[in-house]
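Reading through the structure tokens given below for one structure.
What follows is calculated from the coordinates using simple rules that are stated; it is not laboratory data. No experiment lies behind these values; they were computed from the predicted model shown. Virtual Cβ from ideal backbone geometry, glycine too; neighbours counted across all protein chains shown.
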Amino acid sequence: MSLDNHLTTQELRALDAAHHIHPFSDTAEMRAKGARVITRADGVWLQDSEGNRILDGMAGLWCVNIGYGRRELADVAYRQMQQLPFYNTFFMTTHPPAVELSAKLAEIAPGDKNRVFFASGGSDANDTNIRLVRHYWAALGKPDKSVIISRKNGYHGSSVGSASLGGMAPMHAQGGLPIPDITHIDQPHWWAEGGDLSPEEFGLARARQLEEAIDRIGEHRVAAFIAEPVQGAGGVIIPPETYWPEISRICREREILLIADEVITGFGRTGRWFGSETYDIDPDIMTIAKGMSSGYQPIGGSILRESVAQVIEEGGEFNHGYTYSSHPVAAAVALENIRILQEEKIVEQVAEDTAPYLAAKWHMLADHPMVGQARICGMMGALELTPDVAARAPFANTGTVGLMTRERCFANGLVMRHVGDKMIISPPLTISHTEIDRLVELAWQSLDEGMAQAKAEGAF
Ligand code: PMP
């Protein structure tokens, strides 16, 4: 039982360093510095083992949409664990939480996205999608349509399949990725890659790479295109306004499926229930996870357009499933989370109040001398750090100044993440005006300190 821990911070760090391998971490570096130990959280505030309060500008990993400490979710989990802690939905069996959650998702998903296949998170949901789209075309008598097009610097998860879909070069460099029949096109990141083009021209040019890729590979070979409505882990890359309409046109005209990875953008993050609504995208499949349960339980899934689900249905048995697909406790918690989002009108509140307030404050950070661009979509934002604002120039050693600034944020009691030299936020949707003021104040202070350090160390 580890709630009120009897171990000191030093003891926890030593045991952690000895036995715990952390995701996306340099173990040697962490061993030298000692991991930060988070012990509890409430609202948007984390508390560490030394009693420090830290404003969580990332909602954990973009997931704690309703904030920490909601008792209702704990109560539902407790009741569900007593009544039916586990049962599967294989072999012609179901249970009430799976049924009710599927129906609820069909209700809130836009258009004819009516059918859900559950996973435990976003990676395995995207693995499902790889198998699903290939099985879909095979069931239609077109087994050669197996290539999936995705984007460089996109993120779709960390399993072999989903990391192959993703376009993260450092991930591909380990473990022999990507798997065959996945092709990556360039991302719509105007600030870094737009050159002399206007954002509108650049958005069109990048979208047309999809058409070029389909022509090059052959439409008879392409199964699907997958993308995040707004790239999250890549650095909150908000596409130019011309991008999604052009992608949608290409997908309409060509015989390929469109998968919107809504793992971050779903459940209110962009000010609508789904990023696809914000960008007027009509995907055939949406990947969901994170905000679906606000991270209180691990759950994810794929929501399918009715007509796609029908082809899968007619294709006989789909030989795919996870032990924890539609886990009853996770499903019950997700349902309660969605009830809270709906009844407390949290998504509406984001659209009408919190996101515009945050945007106004966030854009003020563009006045900082080290910030080249402050961009934001709903409740996810990024700052591009640069030594030369006018030239949109990158720093010589990518990521060094970003890391320095992130360290200053931590020291000042704010969690902001750095992606290279971008600083990013994605706070709980329930953050208040006062907390937004505090977040922006701490961000400015940390930028000042990061810049001072960068100058002292000759990185600026
Ligand atoms: N897709 C996107 C867009 C994500 O941001 C993530 C996680 N950051 C994933 C998929 C993978 O989800 P998980 O970590 O739950 O497997």
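One decimal place: the segment Glu193-Arg249 gains 17.8 nm when fully extended, by the rule 0.36 nm per residue minus the C-alpha distance.
For the pair the range 396-427 and the range 103-169, the centres of their Cα atoms are 31 angstrom apart. Counting every other Cβ atom within 10 Å of each residue's Cβ, Met171, Met370 order from fewest to most as Met171, Met370. Based on the alpha-carbon gyration tensor of the range 259-337 and its eigenvalue square roots a ≥ b ≥ c, which shape applies: rounded if a/c is under 1.5, prolate if not and a/b is larger than b/c, or oblate? Because a/c hits 1.5 or more and a/b fails to exceed b/c, the range 259-337 counts as oblate. Taking a point 7 Å out from the Cα of Ser159 in the direction of its Cβ, the residues of the range 100-130 whose backbone N falls within less than 15 Å of it are 117-130.
Taking label points 7 Å from Cα along the Cα-to-Cβ direction, Asp75 and Asp112 give a separation of 4.1 nm.
Applying the Karplus relation 6.51 cos²θ - 1.76 cosθ + 1.60 with θ = phi - 60° to the range 234-247 yields 3J(HN,Hα) values of x, x, 6, 9, 9, x, x, 4, 7, 5, 5, x, 6, 4 Hz, where x marks Gly and Pro. Its Cα centre serving as origin, the range 72-343 has a Cβ charge dipole (Lys and Arg +1, Asp and Glu -1) of approximately 540 debye. About its Cα centre, the chain has a charge dipole of approximately 700 debye under the convention of +1 per Lys or Arg Cβ and -1 per Asp or Glu Cβ, with nothing else charged. A DSSP coil position with no more than 10 other Cβ atoms inside 10 Å describes none of the GluC sites (Glu not before Pro) in the range 363-460. Spin-label model, Ala18/Ser432: points 7 Å from Cα along the beta carbon direction are separated by 4.3 nm. Dipole check for the range 260-330: with +1 at the C-beta of Lys and Arg, -1 at the C-beta of Asp and Glu, and the Cα centre as origin, the magnitude is about 460 Debye.
The spacing between the range 209-243 and the range 20-82, judged by their C-alpha centroids, is 33 Å. Taking the Cβ-Cβ separation of Gln10 and Asp186 as r and a Förster radius of 45 Å, what is the calculated FRET efficiency to the nearest 0.05? Result of the calculation: an efficiency of 0.45. Principal axis extents of the C-alpha atoms in the range 315-460 (largest first, rounded to whole Å): 61, 38, 29. Spacing of the modelled spin labels on Glu457 and Ala32, each 7 Å from Cα toward Cβ, amounts to 1.1 nm. Overall shape: oblate for the chain, with the ratio a/c of the largest to smallest alpha carbon gyration tensor axis at 1.5 or above and b/c at least equal to a/b. Could you sort out which of Lys33/Lys152; Lys290/Lys422; Lys104/Lys145; Lys152/Lys422 sit more than 27 Å apart by Cα distance in this structure? Pairs exceeding 27 Å: Lys33/Lys152; Lys104/Lys145. Here the 3J(HN,Hα) profile of the range 108-116, calculated from phi with Karplus coefficients 6.51, -1.76 and 1.60 at θ = phi - 60°, is 8, 5, x, x, 9, 7, 10, 10, 10 Hz, Gly and Pro shown as x.
Ranked for footprinting exposure by Cβ neighbours inside 10 Å, fewest first, Val99, Val116, Val222 give Val99, Val116, Val222. What is the list of residues in the range 108-137 whose amide nitrogen lies under 15 Å from a point 7 angstrom out from the Cα of Asn319, following Cα to Cβ? Answer for the range 108-137: 131-132, 134-136. Taking the number of Cβ atoms within 10 Å of each Cβ as an exposure proxy, the fewest-first ranking of Leu101, Leu197 is Leu197, Leu101. Of the residues Ile250, Ile303, Gln82, the one whose Cα sits farthest toward the positive end of the charge dipole of the chain, with +1 on the Cβ of Lys and Arg and -1 on the Cβ of Asp and Glu, is Gln82.
I'm checking a number: the convex hull volume of the Cα atoms of the range 85-124, normalised per residue, in Å³. What is it? Taking only Cα atoms, the range 85-124 has a hull volume of 98 Å³ per residue.
What is the range 72-343 by shape, rounded, prolate or oblate, if you read a ≥ b ≥ c off the alpha carbon gyration tensor as root eigenvalues and call it rounded for a/c under 1.5, prolate for a/b larger than b/c, and oblate otherwise?
Cα axes put the range 72-343 in the prolate bin.
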